[in-house]
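Below is one structure, written out as structure tokens, with a few remarks after it.
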Amino acid sequence: MLLQAQNLRSGYGEMEILHGVSMTLEEREMVVLIGPNGAGKSTLIKTIFGLLRPTEGRILFRDTDITGFHPRDLVILGLGYVPQTNNTFPTLSVLENLEMGAITRRISPLPHPWNRGPDRTQSRMMNDAEIRERATETIEMFPNLQPKLREPAGSLSGGEQQMVALAKSMMLDPEVLLIDEPSAGLAPKLVDTVFSKIVEINEGGTGIVMVEQNAKKALAIADRGYVLETGRNRFAGTGEWLLHNADVGKLYLGGQA
């Protein structure tokens, strides 16, 4: 098992949003989280990524308990996160955005989060030349961005900015990528482009957990999915099964199974 969330309770201050949610991600798998607004989808991946601390439950990454780890440590371990908004540095160039994606390995050697002895340091650090080389390799996955490396990310279209966010997240070659609403605000043609790139990333070996309001498109490319409702698991199954399930279709897919 690559990633597990077990009976998570989490939220914001005194407001509990997740009431015992569980999910799993296998090697090289794509899992999507769907459900109505306020169901807890984004809260779940924020909790997995350490942006929120669960009050109950556990999170396991390759059988290591990572519950409550700082996002910095999780990035070092191999988790990546693409938030729905504010996912690029708009005044920085596309190339500088990619370089920022590797900043956690450039600042200083970091101790393993589960062993903080003074002589235990993280060896996977990168100097400036290595970061630039990695950016060159990463941008090959996003050929539409290559002519725009020197342009500010904020000057690009919405779809191009989402590509920059994905490229930045791939700088450290994560084993798991958590993606929050990648199609939000995009035209249908751009949604197809972004989804195709996410499929390509997944086929390259990165496990993906994706929150998405465009449930039909998401389930069509997913190995498995979870339907959340009011902070609880409601349905779970293969993407195909959920896409054609009558109850799921009636409640969450616009009435069409």
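Filter the range 1-55 for residues that are closer than 16 Å to VAL227 by Cα, touching a Phe, Trp or Tyr at 6+ places or on another chain (Cβ under 9 Å) and of a type outside the set (S, T, N, Q) and give the result.
Once the filter is applied, which keeps residues that are closer than 16 Å to VAL227 by Cα, touching a Phe, Trp or Tyr at 6+ places or on another chain (Cβ under 9 Å) and of a type outside the set (S, T, N, Q), the range 1-55 yields VAL21, MET23, VAL31, VAL32, LEU33, ILE34, GLY35, PRO36, LYS41, LEU44, ILE45.
Answer with yes or no whether LEU44 is among the hydrophobic types (A, V, I, L, M, F, W, C), in contact with a helix residue (DSSP H, G or I) (Cβ under 7 Å, 6 or more places away or on another chain) and either at pLDDT 95 or above or assigned to a loop (DSSP other than H, G, I, E, B) (or both). I'd like the intermediate steps shown before the answer.
Numbers: among the hydrophobic types (A, V, I, L, M, F, W, C): yes; in contact with a helix residue (DSSP H, G or I) (Cβ under 7 Å, 6 or more places away or on another chain): no; either at pLDDT 95 or above or assigned to a loop (DSSP other than H, G, I, E, B) (or both): yes.
Answer is no for this residue.
Quick check on the range 208-257: of everything there that is touching a residue at least 40 places away in the same chain (Cβ under 8 Å) and aromatic (Phe, Trp, Tyr), which residue is nearest to MET170 (Cα to Cα)?
TYR226
In the range 218-257, how many residues are assigned to a helix (DSSP H, G or I), surrounded by fewer than 18 Cβ atoms within 10 Å (Cβ to Cβ) and among the aliphatic types (A, V, I, L, M)?
Count: 4.
Tell me which residues, restricted to the range 192-217, are buried (at least 20 other Cβ atoms within 10 Å of the Cβ), of a type outside the set (D, E, K, R) and closer than 18 Å to LEU44 by Cα.
Of everything in the range 192-217, those that are buried (at least 20 other Cβ atoms within 10 Å of the Cβ), of a type outside the set (D, E, K, R) and closer than 18 Å to LEU44 by Cα turn out to be GLY207, ILE208, VAL209, MET210, VAL211, ALA215.
Among the residues of the range 189-197, is any at pLDDT 95 or above, charged (D, E, K, R), within 22 Å of PRO83 (Cβ to Cβ) and within 16 Å of the chain's Cα centre (by Cα)?
no
Looking only at residues in the range 112-131 that are part of a helix (DSSP H, G or I) and loosely packed, with under 15 Cβ neighbours inside 10 Å, which one is modelled with the lowest pLDDT? Break it down into steps so the answer makes sense when it comes.
Let us first name the residues in the range 112-131 that are part of a helix (DSSP H, G or I), namely 128-131.
Checking the rest, the ones that are also loosely packed, with under 15 Cβ neighbours inside 10 Å come to 128-130.
Values: ASP128: 81, ALA129: 84, GLU130: 86.
Here the answer is ASP128.
Could you list, in sequence order, all residues of the range 56-68 that are of a type outside the set (Gly, Ala, Ser) and either on the phi > 0 side of the Ramachandran plot or part of a strand (DSSP E or B) (or both)?
Passing the criteria: GLU56, ARG58, ILE59, LEU60, PHE61, ARG62, ASP63, THR64, ASP65.
Only one of these is in a helix (DSSP H, G or I) and either touching a strand residue (DSSP E or B) at 6+ places or on another chain (Cβ under 7 Å) or touching a residue at least 40 places away in the same chain (Cβ under 8 Å) (or both): LEU166, LEU178. Name it. Break it down stepwise before answering.
Working: LEU178 fails: in a helix (DSSP H, G or I).
On inspection, the qualifying residue turns out to be LEU166.
ARG53 fails exactly one of the following numbered conditions: (1) surrounded by 14 or more Cβ atoms within 10 Å (Cβ to Cβ); (2) in a loop (DSSP other than H, G, I, E, B); (3) among the charged types (D, E, K, R). What is the number of that condition?
Only one criterion is unmet by ARG53, namely (1).
The values are calculated or read from the model by the stated rules, or taken from the named source; none is laboratory data. Values in this document were obtained by computation on a predicted structure and should not be read as measured data. Please note: Cβ atoms are built from the backbone with ideal geometry, for glycine as well, and neighbour counts cover all protein chains shown.
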